[in-house]
Each structure stands twice: as C-alpha cells, then as structure tokens.
1. State the dimensionless ratio Rg/Rh of the stretch 222-275 (Rg: radius of gyration of Cα atoms; Rh: Kirkwood radius).
2. Report the convex hull volume per residue for the stretch 1-132, counting only C-alpha atoms, in Å³.
3. Using a probe of 1.4 angstrom, how much of the accessible area of the stretch 302-395 is carbon and sulfur, in percent?
4. More than 19 Å apart: what percent of Cα pairs in the stretch 370-440 qualify?
5. What list of ³J(HN,Hα) couplings, whole Hz, do you get for the stretch 330-341 from phi and the Karplus terms 6.51, -1.76, 1.60, once you set θ to phi - 60° and write x for glycine and proline?
6. Apply the Karplus curve 6.51 cos²θ - 1.76 cosθ + 1.60, θ = phi - 60°, to the phi angles in the stretch 376-385 and return the couplings in whole Hz, x for Gly and Pro.
7. Please express the Cα-Cα pair-distance distribution P(r) of the stretch 106-187 as a list of whole percents, one per 5 Å bin, running from 0 to the bin with the greatest distance.
8. Cα-Cα pairs above 18 Å in the stretch 279-433: how many percent?
Amino acid sequence: MLDEAGLPVKGATVYVLDKKRLGADRDKVDHEVSDARGRWAIYTRKTVDSWIGVVAPGYRTVLLDGDGVDVTKQIIHVVTRSPTLTVTVVDGSGAPLVEKGVQLSPWPPGGTYFCPGPLCRQGEQWTVTDSAGRSAFRQDVAAPVLVTPFIDGYHGHPASLWLADAQGEARIVMHPNASFELTLTDADAPLATDDLIRLEFVDRDTGQGVFAVTEGMQAPGLLRLEQALVPGTYHLQVSVPGRPSVLVQDVVIPEGKARASAAIPAASPAGLGRLAVRLEGNVATRQPKGRRRAPLTFLMRTDGAWAALGWRPGAPERFDATRQRIEYELEPGTYRLLVADVLTGRAAQEREIVVAAGENAKTSLAMKLGQFGALPAARDGAVYVRRLHARTKDRGVLPVFGSSRDGRQRFSRGIDLIARKVRGEDVVIGPYPVDEFEVVLQRSDGSKKTAVYR
C-alpha cells in the first residue's frame, strides 16, 4: 500500500467485496489492515466477481477489479490523498464559534458502508471547530455532501450546507434560535393537564413537518420553548392526549420571541375513528420475496384548515394480504385516500371519506392499472436533482413515491428515489391513479425540469 510519493501507508483497510453487494461492514467481509511497511495479506475464498477495495482515512477509496488479479503475484495499491474541505463557522457578527460540533454527511442519504462498492460511500464524519471556528474534512470520493453544524440554540440558513464536492473552503453563519410561547385554553379557561403536549411545526409549502417537540406545560395553559426554533412562518399542529388535534395556521416566529394561542377541544370519550378499506382487483403481476407488504397509502385530511398539510404517508394498523383489507385508526375528519401497489402496478383514489369518533367507516377501492414513469437522470455533471414534486395535469398535488423496476424495493420519499437514481439504479415513479401526471425536478443550480407521463 503506497501513497502518490511511493511511501507506505499504514492502517489502510483492504477488503474483498462480492460485486453483487453494494457494500458491507468490515467484520462481514474478508479484510486486513496494512502494517507500517504498507504490507497486507488476505485469505479469501475467491477474487473473481469481487472488488479488492481499500479505505484509508484521508485518502480516496480504491477499487481493483478482482477478475483480472493474479493472486500469485504481489498487488500494489496506490492511494491518492483526498483534497481538504475547510468549513468556518461564525456567528452573525463574524466571530468564530469555537469547539462546536460539525457533521459532514454523504448526499443523497443511504448507500453508506465502511467497505463500499463503486456506487456507495463511507458514512458521516464528525469534527470540532478550532480557535478560528474552522473544521477540516477529507472525503473518500468526489461526490455531494451536506455540512451541518450542531450548536445548541443556533441555526444556519439553510440548516445544512449542500456542496457538490467536499473540497475548498466554505463559511457558515449561525444565528440565534427564536423562543416561543403557546397559550392553551379549554372552554375559555387555561388548559390544565399533566400530559405531555406534542407540537409539530409544518412547512407551509410542502405540508411536511420540519420540527417537532413533546413537552409538559410550565404552568396551566402555558408552554414555553426557549431558544429552540428556527424563525419563519409555519402551520402548527397541537396534540394533547385524549383530545382531537388542533391546527393553527400561519404562525409567525420572528427573530427573538413569539407567542401564539390555541383553543383545545374538550376530551372526546369516543376517541379515534376506524377506517377499513377493501382493495378490489388488486391482482399481483410481480411476486415479492418474503412476506407480502401493504401497498403504499397516503392520506389528505380536507376538512377545515387541515387541507393545508397536503398528502401524508398513511400508517395502517393492519393489512390482510389474503382479503386485501387495510385498516386505519384516524382522528375524526374528512379524508382523501390514495393507494398504490408497486407490485401489481395498480392504484386508486377515494376523494371523500368521513371518519367519525368511535365509529367504523368502510370503503372499497377498485384498483386499476396506474401510470408509471421512468425517473429522468438525477445528475448532469456537477448538477444534481435535489427535490421532486409530482402533480396532475391540472396542477393538483400528488405524493411522491416509486419503486425499483421489479417492484421489490419501494420508496415513499422523493429523496430515496433520487438516491437510487444517482447510484445508477433503475427506478420508476408511481403508479398513480391518473392518466397523466408531471414530475418537476428541482436542481442544485436553481433550474427546474419537467417530465410528463401519459
């Protein structure tokens, strides 16, 4: 094991990885560590159809194709020093933030192993800033990363810095978090409860939760979060055990301190409602390995202000594969339901289902062949697709989900589809219960691309 100057590299891990595997933990493959002379020896069953890989701190990962290796002769690996990424973390006045933790994570998430194959990478790195607020990293491959400082009471804009490659210099400015005070009333009197209260702050544009906390009240009707929130405008979902949740729209949290109030409904003895859904005509065309899982399901609550949250993944309590029956426990309200089975390629949507407290609602969905689409390339040189948005031809919002081409792997988040596509895998988006849909790809350079499927 030599570096570019021909000097031995001590402490490098050499491993043998079957080409069918994306990567592995070190203790699950044949491996050895180079000694002070850079020498190593591995006893392994085969090198054909395998990678002979090298990982060494501060160096690029090396992969040698085992198909062309003559095991009777000495193998010489030459490892290349990784370029340095220097990150400086300062406060709003430009003063360095000293001895603060900074994390570098591979982007997109997933596909990280101690011993990676050609499409995967090593995991995250941690370091602490020095007296000048600087931290340094060296990545194993040239690929995008997220840099995230973790400093209590502070936030960055954005929370994580996205970089197309981990080299050069970057500067992150941190700002104090805002404090928040929530007043809770019950029948015009301060709410009195010893239960913990859950607050979820929701992005107004996507309907996705960005911050959640579970706390007890400091006094009857009063809940304070000290220097805990990123300033912005959110929808706020307030959940008190035994009571229906409340959604407070457009809560503005400026720099400093903000206040809001919410009236909490009286406790309902009936509690949650139940929804049973029977899928008709959901005939499998691709057989999964192992146990048959429930189809992907998404729910949108449409009564009152709840429609602002959009589609959210449904979490069924039960799925009966034989009877094709899905059961949910839901808060009382009016819902839209979208069901998509990536194994059958079928999907359906029910536009209005009323769920009442303590009652059982039932519906049947006629599962029809849905619309799939091959996901476009997620990378063009140093420009990457960062986010996906799906919509109908009349611009109605759709949840983003998909699967591998054979349906054996499914993904309920857009970032998972992007990650698989970046790694060169064949993935599809859908199936959707529509004749035509569009996918908007937001790219790292600020541009957008639209793909239409019909």
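1. Values: Rg = 13.9 Å, Rh = 13.1 Å.
Checking Rg against Rh, the ratio lands at 1.06.
2. In the stretch 1-132, the Cα convex hull volume per residue is 134 Å³.
3. On the way: 2050 of 4650 Å².
The C+S portion of the solvent-accessible surface of the stretch 302-395 is 44 percent.
4. For the stretch 370-440, the fraction of Cα-Cα distances above 19 Å is 28 percent.
5. 9, 5, x, x, 10, 10, 9, 10, 10, 10, 9, 10
6. x, 4, 9, 9, 9, x, 8, 9, 10, 6
7. Result, from short to long distances: 3, 11, 19, 20, 14, 10, 7, 5, 4, 3, 2, 1, 0 percent.
8. 60 percent
The values are calculated or read from the model by the stated rules, or taken from the named source; none is laboratory data. Here the structure is a predicted model, which means the values were calculated and not measured. For the accessible areas, the whole protein counts, side chains as well, though only heavy atoms, and no ligand, DNA or RNA atoms are used. Shrake-Rupley method; radii C 1.70, N 1.55, O 1.52, S 1.80 Å.
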